[in-house]
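Heads up: the structure comes next, in structure tokens.
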Amino acid sequence: PFGGYALYNRSSTNTVIVMRPTGISLGKKLEIPPTFRLRISAQTEKNKIQYGDDYNYFSKVAADRSAEYNAPEPESIGDNISVYFEQDGKRLTQLYRSSNDGDIVDVFVTSTLENVPVRLNFDIENNDQNDAIMIIDITRNRIVDGNTVEFVQTESGVSTFKVIVGRKNFVDEKSFETISELPKEFSLNQNYPNPFNPSTHIRYAIPKQGRVTLKVYNILGHEVRTLEDGFKETGIYDKTWDSKDVLGRQAASGIYVYRLEYFGLDGKRLFQSKKMLLLK
């Protein structure tokens, strides 16, 4: 009934699959049922065409064999919206883990469609141990109230969410830590060490996802080096300048200015500049 199928063979041998129109296969059956199961789905629409990714699952199981049931995220074709988890450098559409007190899972939403409204649903399908859950929108630096969140897909094409699930004291503790680590305002720190030779660190913070440029200028205002130029997720960053210019040549001793510019997804533009001293 669909336009196509994504099949994943867990074995190392070839397998023949017969597609029967009267039967439906739900894949490998869990020998041990999950104690917690969260289904995450996303929907959007553009030019009256609907796009969705409806079947993404995070499950807790009381077994060390949980990884056997992980399933990779299928390759996307054409315009699309995709929800996935990451583990060991792999994208997964189905993630199983075994844990006692709780777990923290990063959820990513990507799309080839820019500036479209997205509806993301978190539906608990099984919760035998009455686990608590907290969902944090990292990209927009906010707590998700309820099991549904709506947002406009960013120009970067990626939105990040953190799901914390488990015993109440675990969820409370980890939620507080996560929220405390998210910066509340745009800031640029003084480089360290300063004066320096031959390298120095530049630390900065952005409160919401946006485009960032970090550039170094000499005292005459000429650009010496671009250290950052691209989209950054909400967070605190540390960039190193090795006192070399764009051509890889060693910069001369003297005063330099580093300038951080932030272009928010809401159209807000912020910038800060500071001086530093290179001594030889």
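Among the residues of region 71-96, just one is surrounded by 20 or more Cβ atoms within 10 Å (Cβ to Cβ), closer than 19 Å to P34 by Cβ and at pLDDT below 90, namely Y96.
Checked against (1) over 20 Å from the mean Cα position of the chain (by Cα); (2) surrounded by fewer than 17 Cβ atoms within 10 Å (Cβ to Cβ), R225 passes all but a single condition, namely (2). Looking across region 197-222, just one residue is surrounded by fewer than 15 Cβ atoms within 10 Å (Cβ to Cβ) and of a type in the set (V, I, T), and that is I219. May I ask you to verify whether I24 is of a type in the set (A, V, I, L, M), modelled with pLDDT under 75 and surrounded by 13 or more Cβ atoms within 10 Å (Cβ to Cβ)? So I24 fails the test. Quick check on V165: is it within 28 Å of L120 (Cα to Cα), within 18 Å of the chain's Cα centre (by Cα) and at pLDDT 95 or above? No. In this structure, is Y192 among the hydroxyl-bearing types (S, T, Y), buried (at least 19 other Cβ atoms within 10 Å of the Cβ) and at negative phi? In short, no.
Among the residues that make up region 245-252, is at least one of them without any contact (Cβ under 8 Å) to a residue 24 or more places away in the chain and in contact with a strand residue (DSSP E or B) (Cβ under 6 Å, 6 or more places away or on another chain)? Yes, there is a match, as at least one residue in region 245-252 is without any contact (Cβ under 8 Å) to a residue 24 or more places away in the chain and in contact with a strand residue (DSSP E or B) (Cβ under 6 Å, 6 or more places away or on another chain). One residue stands out in region 96-106 among those that are more than 16 Å from the chain's Cα centre (by Cα) and assigned to a strand (DSSP E or B): the one that is nearest to K162 (Cα to Cα), namely D103. Just to be sure before I move on: is T213 touching a residue at least 60 places away in the same chain (Cβ under 8 Å) and farther than 24 Å from I133 by Cβ in the structure I sent? Here the answer is no, as T213 does not meet what is asked.
Yes/no per residue for (1) touching a strand residue (DSSP E or B) at 6+ places or on another chain (Cβ under 9 Å); (2) assigned to a loop (DSSP other than H, G, I, E, B); (3) of a type in the set (D, E, K, R); (4) under 29 Å from P207 (Cβ atoms):
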| site | (1), (2), (3), (4) |
| --- | --- |
| A42 | yes, no, no, yes |
| E45 | yes, no, yes, no |
| Q50 | yes, no, no, no |
| F58 | yes, no, no, yes |
| Y84 | yes, no, no, yes |
| F108 | yes, no, no, yes |
| N121 | yes, no, no, yes |
| E125 | yes, no, yes, no |
| I135 | yes, no, no, yes |
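The values are calculated or read from the model by the stated rules, or taken from the named source; none is laboratory data. Since we're looking at a predicted model, the values are computed, not measured. Cβ atoms come from the backbone with ideal geometry, glycine included; neighbour counts cover every protein chain shown.
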